[in-house]
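Engineer: Please read through the structure below; I'll follow up with questions.
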Amino acid sequence: MWFAERYHWTPAQVDALPLELFNSIPDVAGLFDEIRDEAREKAERDAERQTRSR
């Protein structure tokens, strides 16, 4: 799974995860990425506005 590589988990750690957690991690990681990307875009817009207002 891509999230195991991303978080540097070993195959043993992945195998030890409860099934419910294993199935929800991709959704949680995807939501985290979405929030991070939105925050980055907002910071870029704010920086651009600040530059224009000077």
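Engineer: Of the numbered conditions (1) out of contact with any helix residue (DSSP H, G or I) (no Cβ under 6 Å at 6 or more places or on another chain); (2) open to solvent by less than 80 Å² (accessible area, probe 1.4 Å); (3) small (Gly, Ala, Ser), Ser53 fails exactly one; give the number of that condition.
Structural biologist: Answer for Ser53: the failing condition is (2).
Engineer: Does Leu21 meet the test of being modelled with pLDDT under 90 and either surrounded by 11 or more Cβ atoms within 10 Å (Cβ to Cβ) or under 21 Å from the mean Cα position of the chain (by Cα) (or both)?
Structural biologist: Yes; evaluated as a whole, the condition is true for this residue.
The values are calculated or read from the model by the stated rules, or taken from the named source; none is laboratory data. These numbers come from a predicted model, not from an experiment. Heads up, the Cβs are rebuilt from the backbone with ideal geometry, glycines too, and the neighbour counts pull from every protein chain shown. SASA here: full protein model, heavy atoms, side chains in, ligands and nucleic acids out. Shrake-Rupley method; radii C 1.70, N 1.55, O 1.52, S 1.80 Å.
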